[in-house]
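Scroll down for the structure; my scribbles are underneath it.
A short reminder: the numbers here are calculations on the coordinates, not readings from a lab. Because the structure is predicted, anything quoted here is derived from the model rather than measured. Methodologically, a virtual Cβ is constructed for each residue, glycine included, from the backbone with ideal geometry; neighbour enumeration extends over all protein chains shown.
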């Protein structure tokens, strides 16, 4: 699907349903499923026969998402589990419960994330801690939690980085730092855990999500045209942002699928060419 946004229509294209590689029967745990990338990935994956544990800290929303996905896809096992990814204990307990429900695990998609805007000189200790707790500690703790279950038979870990780590935007220095750390960590575990058949990659998306909406709402009104100009100048394919289901989820599915069995330790930009222009 490719709905209209305030930033223009997406070009005509196939929906995700037509271009997803074979992932039926995979057992996948996804964090950050209350909205955005995590939610869209869970919805499309379930439609393609994937068994899911979806996780978030917004329990009412997460349980509603799980119930709807389950009712729409009766052949798939789907459940919701509360996991605060900033807590190592919750990650371990939540993954254990998820693996018990699924009967094993093939992939972790760690889509939970946090964004906040401020000038560098005003970033406080609490906000910096929150940024690092969710974005980098969450990636570390979730990877540690799934490792024992992937170690014996291999599997995939997908984290989410950002082009902002290489070319920061105003007010996002702490976000850029956290995503740079996620990217380095992902490459490190790809190196260390490759001997177990575990593949780890970081996707760098430029797609329209509630997080992007929050960022733009936080800009001063006079700064929004500047952000539009920045994206228009740098996205080679002509749109400011891609669509989650049509443009991003098929790439995530490819990285989960056996078709990508020889791909690991990569930073995979799904950004319309944004990172080509510096």
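Here are some notes:
- The ellipsoid equivalent to the alpha-carbon distribution of the stretch 100-155 has semi-axes of 33, 10, 8 angstrom, derived from the gyration tensor eigenvalues as √(5λ) and listed largest first.
- When you count the other C-beta atoms within 10 angstrom of each residue and take the mean per peptide, 63-76, 152-165, 88-101 line up highest first as 152-165, 88-101, 63-76.
- Inter-label distance, nm, simple model (7 Å from Cα along the C-beta direction), residue 59/residue 152: 3.1 nm
- The stretch 23-270 - percent relative contact order, Cα under 8 Å, separation 6 or more: 19 percent
- P(r) tail fraction, the stretch 23-270 - alpha-carbon pairs more than 31 Å apart, %: 20 percent
- Protection proxy ranking for 251-257, 184-190, using the average of other Cβ atoms within 10 Å per residue and placing the highest first: 251-257, 184-190.
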